[in-house]
Amino acid sequence: MSPADWVSKDFYKVLGVKKDASPDEIKKAYRKLARANHPDSHPGDAGAEERFKSISEAYAVLSDADKRKEYDEQRSLFGSGAFRPPRPGQGGGHYDFGDIFSGSDGGSFSDLFGGLFGGGRARTTPRRGQDVETETTLSFEQALAGTTVSMRLSSEAACPACSGTGARAGTVPRVCPNCQGSGMQTTSQGGVFAMTEPCRECLGRGLVVDDPCPVCHGSGRGMSDRVIQARIPAGVKDGQRIRLRGKGGPGERGGPDGDLYVVVHVRSHALFGRKGDNLTLTVPVRFDEAALGATISVPTLEGGSVSLKVPAGTPNGRTFRVKGRGATGRNGIRGDLLVTVEVETPTTLDEASRAAVEAFRDAAGSHDPRAGLSSGQRGGA
């Protein structure tokens, strides 16, 4: 993205948020748009890929407090043009963006905007790579066992044409003669007072680019698309945010790579649920099994089954615990399988079954399970 785009593009509009949007609102908007336009969900759709890049560029600026502040300042200052001293032999001093970014006045427009995407004093010191956030969706089984997933990421990186220098191939930036490469200058305010501020010649970069790179227009920055292999640990939960160190944007001048934050979504399972490190399962049992007791076969997530003893007189909704058949926790210890029995009431009865139930009713005699529900007890609370 060129320096002109840094100012002329409305990143707030790209993400569909207000200019005073909170960081959480910006993150929420980015996640929604990134998921809807991710290239993996639209294979072969060049339009979706461009939208995804645009969304990533906007988020890279607005999610960083320092970059967002400078972006707002630049748009406020240059949003409708800029004032520059007149070129020799010309009158007036008002130039529009075309004049500023054309490079025809011999100036380096990277000096104006170098700080927004990694300029400023960071040019002369190691710079940590950008943190990147993305999302992935796993199956229930993958989340429990852990898995490695391929992810396509768009992140800020050094311009490949100039290797991040901002200078045209075959040339190099020179040390700013005003600040001697420090990026700072000290101005005397009279007496014993002095003020240190960014160098006015290089705008704090410490370097001056005389012949800007035609690809990045002197910024030294660009957007990089890459595919990485990310390891998701076992036991991850739905909505959990995983931090993968060093998997984010590449660092500059020996600086460390940024981190990758992955928000994990887990698909539901047809049979099993999850409660912490325990798995849950509801198993139907017949009335006679609950009343007389039985040993039933219960499926497990990894395949196969285990035997579960249901004691006589088991009520509907009772939960049994099968040790060590749950999810693996952070400590490496597996949780349990919690089996809840659901007493099944037959919807149709053949003659023999009906006769058996009627015989049971006769044997139960006058027992009334609702005897305690007298009108006086019902009003209670």
Order of 352-359, 282-289 by packing, highest average Cβ count within 10 Å first?
282-289, 352-359
Quick one: grab Rg to one decimal and Dmax as a whole number for the range 324-370, Cα atoms only, in Å.
20.8, 56
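Kirkwood Rh over Cα pairs of the range 256-326 into Stokes-Einstein at 20 °C, 1.002 mPa s: D in µm²/s? Intermediate values should be presented prior to the final figure.
Details: Rh = 14.8 Å.
Diffusion coefficient, whole number: 145 µm²/s.
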Within the range 307-349, name every residue whose backbone N is under 19 Å away from a label modeled 7 Å from Cα of Thr295 along the Cβ vector.
307-314, 320-323, 339
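Among Lys237, Lys323, Lys67, what's the order by accessible area (1.4 angstrom probe), most exposed first? Please report the intermediate quantities before stating the final value.
Values: Lys237 85, Lys323 155, Lys67 20 Å².
Order by accessible area, largest first: Lys323, Lys237, Lys67.
Nearest 0.05, what FRET efficiency do Lys28 and Thr137 give at R0 = 22 Å with Cβ-Cβ as r?
Working: r = 18 Å, r/R0 = 0.80.
Once rounded, the FRET efficiency stands at 0.80.
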What full-extension length gain, to one decimal in nm, is calculated for Ser366 and Thr348 as 0.36 nm per residue of separation minus the Cα-Cα distance?
4.0 nm
HN-Hα J in Hz across the range 36-50 - Karplus 6.51, -1.76, 1.60, θ = phi - 60°, x for Gly and Pro:
6, 10, 5, x, 5, 8, 9, x, x, 8, 5, x, 5, 5, 5
Rounded to the nearest whole Å³, what is the per residue volume of the convex hull around the Cα atoms of the range 231-381?
205
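Quote the FRET efficiency, to the nearest 0.05, computed for His42 versus Asn178 with a Förster distance R0 of 45 Å and r equal to the Cβ-Cβ distance. Working shown, then result.
Working: r = 49 Å, r/R0 = 1.10.
E(calc), rounded to 0.05, equals 0.35.
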What accessible surface, in Å², does a 1.4 Å probe find on Ile333, ignoring ligands, DNA and RNA and rounding to the nearest 10?
110
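Once the Cβ-Cβ distance between Ala355 and Lys309 is put in as r, and R0 is 25 Å, what FRET efficiency do you end up with, to the nearest 0.05?
Values: r = 30 Å, r/R0 = 1.18.
Computed FRET efficiency for Ala355 and Lys309: 0.25.
The values are calculated or read from the model by the stated rules, or taken from the named source; none is laboratory data. Fair warning: this is a prediction, and the values are worked out from it, not measured in the lab. Methodologically, a virtual Cβ is constructed for each residue, glycine included, from the backbone with ideal geometry; neighbour enumeration extends over all protein chains shown. Accessible surface is based on the protein model in full, side chains and every heavy atom, while ligands, DNA and RNA are left aside. Shrake-Rupley method; radii C 1.70, N 1.55, O 1.52, S 1.80 Å.
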